[in-house]
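The values are calculated or read from the model by the stated rules, or taken from the named source; none is laboratory data. Quick caveat: nothing in here was measured; it's all calculated off a predicted structure. With ideal geometry, Cβ positions are generated from the backbone for all residues, glycine too; neighbour counts draw on all protein chains shown.
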Amino acid sequence: MEPARFRIERTTGASRGGLACAGLALIVLASLPAWGGPSSMRILVEFIALLVLAQMWNLLAGYAGLVSIGQQAYVGLGGYALIVLADDLGVNPFLAVPLAGVITAVFALPTAALVFRFHGGYFAVGTWAIAEVYRLLIANTPVLGRGSGRTLKAVFPLARETREVTTYVLALAIGVVALVAVYAFLRSRYGLGLMAIRDSEPASETLGVDVFRTKLVVYLGVAFGTGVTGALIYLNLLRISPDAAFSINWTAYTIFIVVIGGLGSLEGPLVGTALFFVVRELLSDYGAWYMILLGGLAVGVMLAYPRGLWGIVAERWDLHFFPIQRRVRLGEEEFAPRPPAR
Amino acid sequence: MTVAWVDTVLQGLLLGGLYALFATGLSLIFGVMRIVNLAHGDLSILAAFLAVVVVETLGLNPFLALVLVAPLMAALGYALQTLVLNRLLGQGILPPILVTFGFSIIIQNALLETFSADSRRLNPGGIETASLALGSGLAIGWFPFITLAVAVLILVSLQLLISRMSVGRAFRATSDDQETAELMGIDNRRLYGLAMALSLGIVAVAGVFLGIRTTFTFSSGPDRLLFAFEAVIIGGLGSLWGTLVGGAVLGVAQTVGAKMSPGWGILTGHLVFLAVLLLRPQGLFAKARRSA
């Protein structure tokens, strides 16, 4: 019997185009300090922060099936870690941002030991409860300023422009590293294992995927990314308080962005973040209505198009700028099967 | 000194009655359809605000307002389940979590836009401050006592409904095996609607009692959800009477914590919950079968 002719496709025309567009966008964004004002840099830092939070949550819920409602714990811990490192321990504030992620991940380990006892809906409420524990612990700690919080003083000696440009460049770097890391992880064999877990936990376990370890690695990695982003957010805002840093709104923004944009794709959070900013700016004169609108939109999308706006686009035009899946193209060119890797 | 501590524990036990009311509705929904309603707490606050509207427009006592608010919330629950949540059945765990979370945020912000950020309270006309002397310096408030009595009454009724009535049998059958129950002619969708109606009817009682006991704002909901959840976990999943014990443990932890240091009340409750989770994850009164 003639062996079947097929090839495994991982790169598409669109993905090459996507890469080119991403490169072009990066060049434009990197040159922003030369032609943009401080307000445009501030809004872009915020945009990147929400985009990274969304990518992290998407990895957690959309791929690992860990639907956390408590990611605000790691935004808050990252923010407070920045303040302690920079103001109390004298670490360079910009260097403190990635370090804050490490500290956050250290806190995430015992947290995981507790919340991994829950599944599904109870995991969601459990993570939320633990975020409240962190908020209350910090609100009761005198050196952290209790309920009124603290101000990041370590950046005061810097010229305002230096601070703004450095923060912006750092944000851009965090955004690029986060996107590349998530993309590379999902395309790796661990990513494949992760998607197998999402589709069927028992089946992937019998095929040799270490379910617990994979989920734990994702949970800790996402806590790191979320902590770095929390530090970035408060490097940009300079003022932190427990109620704001551990607010459920961080997770609400993130979930609305991912659900509306498209759960389980890399393009979805980008689309969702852009839409979030548009809606918020358009309704900026109407108080909390943008949250009601976004919440309604998220519920509607979940009911009608569970794969989100990007899911509709990807399905209709078979468009994947950042393809993660492997696709078999039959009858194209010969593919020499390798012996299965161990 | 000792009397003060006994008093603190007693107040905590009575507070547990209120938490059991919140927990029962959450536990019922999870037991019957294996979903967690993340808008549970916000729906109770919605009920409290509805009671404020009824009290202000009709001049009724808040207890009487419940005659209107509880059926209204039950109807809302039936509609929410049959029109929205039933459409998500069989799609895995993610959609119900995200949709009920969406409702949680929508309700909070809609309450903020409608009723502003001011804190409110329901005034039942004196009973909230009346107390019953027990001798040797101890006294219990009439209102916390009524709350606990109502909680016990609701739990007993629910227990009877589940064990004796045909709808209760259908609840148990669906809880054990959804597909087989459906094959035996049980209309799951209608049944889920009834369970949600029952849950929100109880939540309305809980919300109004909360509003009489203390002040509340548009953002009081999430804490109610967390306390309900903690009472369910401490008591043991799937155990109705466990919820009462769970509520009492949480209530005592909070009042004792608050007595030691004012900022530590709620935090102590959370820490006791974490300790139970760590040392006895099946809860204090778990059934043999455990699935969460």
Is one or more of the residues making up the stretch A:74-95 within 25 Å of residue A:183 (Cα to Cα) and among the polar types (S, T, N, Q)? no
Testing residue A:135 on (1) away from chain B (no Cβ under 14 Å); (2) basic (Lys, Arg); (3) closer than 21 Å to residue B:267 by Cβ, one condition comes back false. Which one is that? (1)
Scan the stretch B:243-289 for residues that are more than 21 Å from the chain's Cα centre (by Cα), more than 14 Å from chain A (Cβ to nearest Cβ) and either surrounded by 19 or more Cβ atoms within 10 Å (Cβ to Cβ) or closer than 20 Å to residue A:242 by Cα (or both) and report the count. 1
Test residue B:113 against the criterion of being without any contact (Cβ under 8 Å) to a residue 60 or more places away in the chain, more than 18 Å from residue B:193 (Cα to Cα), touching a Phe, Trp or Tyr at 6+ places or on another chain (Cβ under 9 Å) and surrounded by fewer than 20 Cβ atoms within 10 Å (Cβ to Cβ), and give yes or no. yes
Residues that are farther than 16 Å from residue A:97 by Cβ, assigned to a helix (DSSP H, G or I) and of a type in the set (Lys, Arg), drawn from the stretch A:124-180: A:135, A:146, A:160
Given the conditions (1) crowded, with 16+ Cβ neighbours inside 10 Å; (2) within 12 Å of chain B (Cβ to nearest Cβ); (3) modelled with pLDDT of 90 or more, and given that residue A:304 satisfies all but one, which numbered condition is not satisfied? (1)
Close pairs (6 angstrom Cβ cut-off, 6 or more residues apart or separate chains): under 18 Å from residue A:90 (Cβ atoms) in the stretch A:144-164, assigned to a loop (DSSP other than H, G, I, E, B) and of a type outside the set (Val, Ile, Thr) anywhere: A:152/A:238
All positions within the stretch B:156-166 that are loosely packed, with under 13 Cβ neighbours inside 10 Å, assigned to a helix (DSSP H, G or I) and not basic (Lys, Arg): B:156, B:157, B:160, B:163, B:166
Test set (1) in contact with an Asp or Glu (Cβ under 9 Å, 6 or more places away or on another chain); (2) more than 10 Å from chain B (Cβ to nearest Cβ) - residue A:144 fails condition number: (1)
Answer residue from the stretch A:175-201, given it is of a type in the set (Val, Ile, Thr) and modelled with pLDDT of 90 or more and is surrounded by the most Cβ atoms within 10 Å (Cβ to Cβ) among those: A:182
Could you identify the single residue in A:73, A:105 that is within 17 Å of the chain's Cα centre (by Cα), away from chain B (no Cβ under 14 Å) and crowded, with 22+ Cβ neighbours inside 10 Å? A:105
If you go through B:80, B:122, the only one that is under 30 Å from residue B:32 (Cα atoms), among the hydrophobic types (A, V, I, L, M, F, W, C) and either within 14 Å of chain A (Cβ to nearest Cβ) or in contact (Cβ under 8 Å) with a residue 24 or more places away in the chain (or both) is B:80
Residue check: is residue A:45 out of contact with any Gly (no Cβ under 9 Å at 6 or more places or on another chain), on the phi < 0 side of the Ramachandran plot, in contact (Cβ under 8 Å) with a residue 40 or more places away in the chain and in a helix (DSSP H, G or I)? yes
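Here is a yes/no grid of residues against (1) in contact (Cβ under 8 Å) with a residue 40 or more places away in the chain; (2) within 17 Å of the chain's Cα centre (by Cα); (3) more than 25 Å from residue B:161 (Cα to Cα):
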| site | (1), (2), (3) |
| --- | --- |
| B:25 | yes, yes, no |
| B:28 | yes, yes, no |
| B:41 | yes, yes, no |
| B:48 | yes, yes, yes |
| B:75 | yes, no, no |
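Matching residues to (1) outside any loop (DSSP other than H, G, I, E, B); (2) surrounded by fewer than 21 Cβ atoms within 10 Å (Cβ to Cβ); (3) facing another protein chain (nearest Cβ under 10 Å):
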site	(1), (2), (3)
B:60	no, yes, no
B:65	yes, no, no
B:91	no, yes, yes
B:96	yes, no, yes
In the list B:39, B:48, which residue meets the criterion of being buried (at least 19 other Cβ atoms within 10 Å of the Cβ), at pLDDT 95 or above and within 30 Å of residue B:186 (Cβ to Cβ)? B:39
Return the pair list, or none, for Cβ contacts closer than 6 Å from residues in the stretch A:260-287 that are more than 20 Å from residue A:304 (Cβ to Cβ) to residues that are part of a loop (DSSP other than H, G, I, E, B), at least 6 apart or on different chains. A:266/A:322
Among the listed residues A:36, A:70, A:76, A:65, identify the single one that is under 29 Å from residue A:197 (Cα atoms) and out of contact with any Ser or Thr (no Cβ under 7 Å at 6 or more places or on another chain). A:65
Considering residues that are surrounded by fewer than 22 Cβ atoms within 10 Å (Cβ to Cβ) and among the hydroxyl-bearing types (Ser, Thr, Tyr), the number found within the stretch A:210-230 is 1
By residue number, the members of the stretch A:132-172 that are among the aromatic types (Phe, Trp, Tyr) and surrounded by fewer than 17 Cβ atoms within 10 Å (Cβ to Cβ) are A:156
Looking only at the stretch B:202-223, decide whether some residue is within 14 Å of another protein chain (Cβ to nearest Cβ), surrounded by fewer than 20 Cβ atoms within 10 Å (Cβ to Cβ) and out of contact with any strand residue (DSSP E or B) (no Cβ under 9 Å at 6 or more places or on another chain). yes
